[in-house]
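Contents: one structure, followed by commentary.
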Ligand code: 9MG
């Protein structure tokens, strides 16, 4: 899953793809580099990010969804928590919903249900503007797992078949470095929920912290290492800014898999 942020302020690619044409070119480059999905986001959810109005989100998101849907043969995932954005993006050809708020925003459950699309439910403690201030857990893996189980049940109760759901522990979303490392180490536990696991670690600050303060553009190798560890522990979709490098890492992992004891 290639990341395409059409925002001025995302932590890694903010401001780079704000015009429709620049976004389309980047989507095409990621497709050629091996992405099967493009995750288009129009609201930054980096730590400290301020919320945007729904209209602003729609104005940024929909022209890009429409351009990609009409011009490229790739599945478009919409990174949104807004019911209206889900509905409108689905009408324009989006193929998946990626909600970092796990359909907890007003009307999101009903809107997502009505689209008929697959949905990724992500865990986040708090909201982006405050989430990194003092995240606290008794057991991060148990609490993330319980949250995801509760959201799966809410989706099923709203008429969304389990088969449409994916789950994501939300690395970096209301979690300290230790919480993130515990989640990575214990990722296999989430297999018990019986749904495809998506993970996003690409360029995130936990990589920078482990590397002693590496800048965003110095985190690629640690990100690839984390991606392969995640695959080994059950992840099936890797969300990444660095599609070619990630695809190569996945290809190597897949090549050895037929002989792996962990299959
Ligand atoms: C939008 N977004 C940013 N980081 C993410 C992550 O780790 N997972 C998912 N599903 N979405 C993310």
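The values are calculated or read from the model by the stated rules, or taken from the named source; none is laboratory data. Source: prediction; values computed, not measured. Note: ideal-geometry Cβ built from the backbone for every residue, glycine included; neighbour counts use all protein chains shown.
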Exercise. Any chance segment 232-240 includes a residue that's more than 15 Å from the ligand (Cβ to nearest atom), free of Cβ contacts under 8 Å to residues at least 60 places away in the same chain and in a helix (DSSP H, G or I)?
Worked result: yes
Problem set entry | Of all residues in segment 104-117 being within 19 Å of residue 37 (Cβ to Cβ) and crowded, with 19+ Cβ neighbours inside 10 Å, the one that is farthest from the ligand (Cβ to nearest atom) | 115
For this session: Could you grab me the full set of residues in segment 118-133 that are crowded, with 21+ Cβ neighbours inside 10 Å and more than 14 Å from residue 48 (Cα to Cα)?
Result: 119, 120, 121, 122, 123
Seminar exercise, completed: Pairs returned, first residue in segment 20-34 that is within 18 Å of residue 62 (Cβ to Cβ), second residue that is at pLDDT 95 or above and exposed (fewer than 15 other Cβ atoms within 10 Å of the Cβ), beta-carbon separation under 7 angstrom, 6 or more apart or interchain, are 24/71
Seminar exercise, completed: Of 31, 62, the only residue that is more than 16 Å from the ligand (Cβ to nearest atom), under 22 Å from residue 247 (Cβ atoms) and crowded, with 18+ Cβ neighbours inside 10 Å is 31
For this session: Kindly establish whether residue 83 is within 16 Å of the ligand (Cβ to nearest atom) and touching a helix residue (DSSP H, G or I) at 6+ places or on another chain (Cβ under 9 Å).
Result: no
Exercise. Picking from 172, 212, which residue would you name as being away from the ligand (no atom under 15 Å from the Cβ) and assigned to a loop (DSSP other than H, G, I, E, B)?
Worked result: 212
Exercise. From the residues in segment 58-77 that are more than 18 Å from the chain's Cα centre (by Cα) and part of a loop (DSSP other than H, G, I, E, B), which one is farthest from residue 17 (Cα to Cα)?
Worked result: 73
Problem set entry | Selection count, segment 78-114, where residues are touching a strand residue (DSSP E or B) at 6+ places or on another chain (Cβ under 7 Å) and part of a helix (DSSP H, G or I) | 5
For this session: Could you give me the residue pairs with C-beta distances under 7 Å whose first residue belongs to segment 190-205 and is more than 16 Å from residue 229 (Cα to Cα) and part of a helix (DSSP H, G or I), whose second residue is at pLDDT 95 or above and within 11 Å of the ligand (Cβ to nearest atom) wherever it lies, and which are 6+ apart or on separate chains?
Result: 193/167; 205/172
Exercise. With respect to residue 224, is the statement that it is more than 15 Å from the ligand (Cβ to nearest atom), surrounded by fewer than 23 Cβ atoms within 10 Å (Cβ to Cβ), within 19 Å of the chain's Cα centre (by Cα) and within 25 Å of residue 4 (Cβ to Cβ) true?
Worked result: yes
